[in-house]
Amino acid sequence: PSPVVRDNARFNQFGGSLGGPLWKNKLFAFFSYETLRNNSQTVSTGWFETPQFEATAGPANSIARQFLSFPGVAPKVTQVISLTCAQAGLPSTQCHDVPGGLDLGSPLKTPLGTSDPTFGQPGTPFGIGGGFDGVPDAMDVETVGPNIVIDKQYNGRMDYDPSSKDAITFSIYWTPVENHSFNGQRVQDYYNHFSTADAVSGIYTHTFTPTLLNEARFGYSGWYWNEITSNPQLAFGLPDANITNGGVGFANFGPPGPSVFNQKTYNGRDILTKVQGSHYLKFGADISRALFLDTAPWGAIPTYNFRNLWDFANDAPY
């Protein structure tokens, strides 16, 4: 039987509220708080380049070297899955089984930007770069990464009755949400997402006479985030690199593109109500303004496609 494995996922939800008079028959206040916290893990499997490949491939002045030496946060490798070339669907002319993974060839010795000449040749349809060197280049691994979600909501309200003819109410909601996880599986993919939704409203009611009443309202609501400022550890200046290598498909290099979301709505209204016999007469104004200040910086990040690891290491996309 399989050994018992502890599940470290943790889920908590709690909150509370407090309210009451601050000044007898004049001022009342209320506050509440609620939070949801989910701390779990995400398990994934996939093909990755080996430490040997990362240490030797990509000249110092190449873009590939910037990817391979990026000082980010990597998901934890829990096990290396021992797959052979045959299990990966690769012939012996294309792949060799070696300790630590699969030998798919070796780096090119040609200038940067030069494509792998062995690609598409008989026996090496996916290319082997400079030829086999007995060094593992690819490994199939299982990884574990955090998936942390923290949702919070604060609500406050205050009611003030300065006189028998006046009533003032103010309320606020503030809801920050944060998420920390891998949006992918590479060191460039550890992502922090912070978003905030908030709403503020106020009402002032004044009674002039039993038949004449004025109500003034104002309100604001918004929802926003900025994934550039929340991820200073990521190199959004690097492109997205997609590698295909026959039966061995590698996860993309490059951080997922950030987004900036900022939407706000303002509203103000003043209504004067007059009761005249069996008629209600209303006068006033209602003004709203909506702002959509979203941007899509991810649209400025180019994507380059490479036929194999050796074209990627040599900055030679197709």
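The values are calculated or read from the model by the stated rules, or taken from the named source; none is laboratory data. From a predicted model like this one, the values you see are computed outputs, not experimental measurements. All Cβ positions, even for glycine, are placed from backbone atoms using ideal geometry, and neighbour counts span all protein chains on display. Side chains are part of the model used for accessible areas, which takes the heavy atoms of the whole protein and leaves out ligands, DNA and RNA. Shrake-Rupley method; radii C 1.70, N 1.55, O 1.52, S 1.80 Å.
In the range 174-200, the qualifying residues are those that are of a type in the set (Val, Ile, Thr) and either open to solvent by less than 30 Å² (accessible area, probe 1.4 Å) or not in a strand (DSSP E or B) (or both), and the one that is nearest to residue 219 (Cα to Cα) is 196.
Go through 127, 134, 100 for me and flag whichever is of a type outside the set (Phe, Trp, Tyr), in contact with a strand residue (DSSP E or B) (Cβ under 9 Å, 6 or more places away or on another chain) and crowded, with 16+ Cβ neighbours inside 10 Å. Give the steps one after another, and end with the answer.
Values: 134 fails: crowded, with 16+ Cβ neighbours inside 10 Å; 100 fails: crowded, with 16+ Cβ neighbours inside 10 Å.
Sole residue among the options that is of a type outside the set (Phe, Trp, Tyr), in contact with a strand residue (DSSP E or B) (Cβ under 9 Å, 6 or more places away or on another chain) and crowded, with 16+ Cβ neighbours inside 10 Å: 127.
Being at pLDDT below 95 and surrounded by fewer than 18 Cβ atoms within 10 Å (Cβ to Cβ): is that true of residue 171 here? It would help to see each step written out before you state the result.
On the way: at pLDDT below 95: no; surrounded by fewer than 18 Cβ atoms within 10 Å (Cβ to Cβ): yes.
Against the criterion (at pLDDT below 95 and surrounded by fewer than 18 Cβ atoms within 10 Å (Cβ to Cβ)), residue 171 does not qualify.
Test residue 232 against the stated conditions and say whether it is outside any strand (DSSP E or B), of a type outside the set (S, T, N, Q), at pLDDT 90 or above and in contact with a helix residue (DSSP H, G or I) (Cβ under 8 Å, 6 or more places away or on another chain). Can you show your working first?
Values: outside any strand (DSSP E or B): yes; of a type outside the set (S, T, N, Q): yes; at pLDDT 90 or above: yes; in contact with a helix residue (DSSP H, G or I) (Cβ under 8 Å, 6 or more places away or on another chain): no.
The answer is no for residue 232.
Within the range 73-85, residues that are free of Cβ contacts under 8 Å to residues at least 24 places away in the same chain reach partners that are of a type outside the set (Val, Ile, Thr) and in a loop (DSSP other than H, G, I, E, B) with beta carbons closer than 8 Å, at six or more positions or on different chains, in the pairs 85/91; 85/92; 85/94; 85/95.
For the range 237-288, enumerate the residues that are on the phi < 0 side of the Ramachandran plot, part of a loop (DSSP other than H, G, I, E, B) and touching a residue at least 12 places away in the same chain (Cβ under 8 Å).
Here is the first cut: in the range 237-288, the residues on the phi < 0 side of the Ramachandran plot are 237-245, 247-253, 255-276, 278-283, 285-288.
Among the residues that remain, those that are also part of a loop (DSSP other than H, G, I, E, B) are: 237-239, 247, 251-252, 255-259, 278.
Once the filter is applied, which keeps residues that are on the phi < 0 side of the Ramachandran plot, part of a loop (DSSP other than H, G, I, E, B) and touching a residue at least 12 places away in the same chain (Cβ under 8 Å), the range 237-288 yields 238, 239, 247, 251, 252, 255, 256, 257, 258, 259.
Note on the range 6-33: among residues that are more than 22 Å from residue 177 (Cβ to Cβ) and not in a strand (DSSP E or B), the one that is least open to solvent (accessible area, probe 1.4 Å) is 26. Select from the range 54-99 the residues that are under 30 Å from residue 233 (Cα atoms) and small (Gly, Ala, Ser) and list them in ascending order. Listed by number, the residues that qualify are 55, 57, 58, 60, 62, 64, 69, 72, 74. Filtered by the rule that a residue be more than 28 Å from the chain's Cα centre (by Cα) and either open to solvent by 90 Å² or more (accessible area, probe 1.4 Å) or among the polar types (S, T, N, Q) (or both), the range 34-57 gives 52, 56.
The set of residues in the range 59-71 being open to solvent by less than 60 Å² (accessible area, probe 1.4 Å) and out of contact with any Asp or Glu (no Cβ under 8 Å at 6 or more places or on another chain) consists of 59, 65, 67, 70. Condition check: under 36 Å from the mean Cα position of the chain (by Cα) and assigned to a strand (DSSP E or B). Does residue 161 satisfy that? It is false that residue 161 is under 36 Å from the mean Cα position of the chain (by Cα) and assigned to a strand (DSSP E or B). Remark: residue 300 matches the filter, which requires a residue to be of a type in the set (Gly, Ala, Ser) and open to solvent by 50 Å² or more (accessible area, probe 1.4 Å).
Yes or no, residue by residue, for (1) in contact with a Lys or Arg (Cβ under 9 Å, 6 or more places away or on another chain); (2) not polar (S, T, N, Q):
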{"site": "134", "(1), (2)": "no, yes"}
{"site": "196", "(1), (2)": "no, no"}
{"site": "218", "(1), (2)": "yes, yes"}
{"site": "221", "(1), (2)": "yes, no"}
{"site": "230", "(1), (2)": "no, no"}
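Within the range 149-168, being of a type in the set (Lys, Arg) and surrounded by 16 or more Cβ atoms within 10 Å (Cβ to Cβ) holds for 152, 157. Scanning the range 261-286 for residues that are open to solvent by 90 Å² or more (accessible area, probe 1.4 Å) and touching a Phe, Trp or Tyr at 6+ places or on another chain (Cβ under 6 Å) yields a single hit, 266.
Within the range 208-241, the set of residues being surrounded by fewer than 15 Cβ atoms within 10 Å (Cβ to Cβ) and hydroxyl-bearing (Ser, Thr, Tyr) comprises 209, 211, 229. If you go through the range 271-316 and keep only what is within 30 Å of residue 106 (Cα to Cα) and under 27 Å from the mean Cα position of the chain (by Cα), you end up with 301, 302, 303, 304, 305, 306, 312. In the range 303-318, of all residues being open to solvent by less than 60 Å² (accessible area, probe 1.4 Å) and part of a loop (DSSP other than H, G, I, E, B), the one that is modelled with the lowest pLDDT corresponds to 308.
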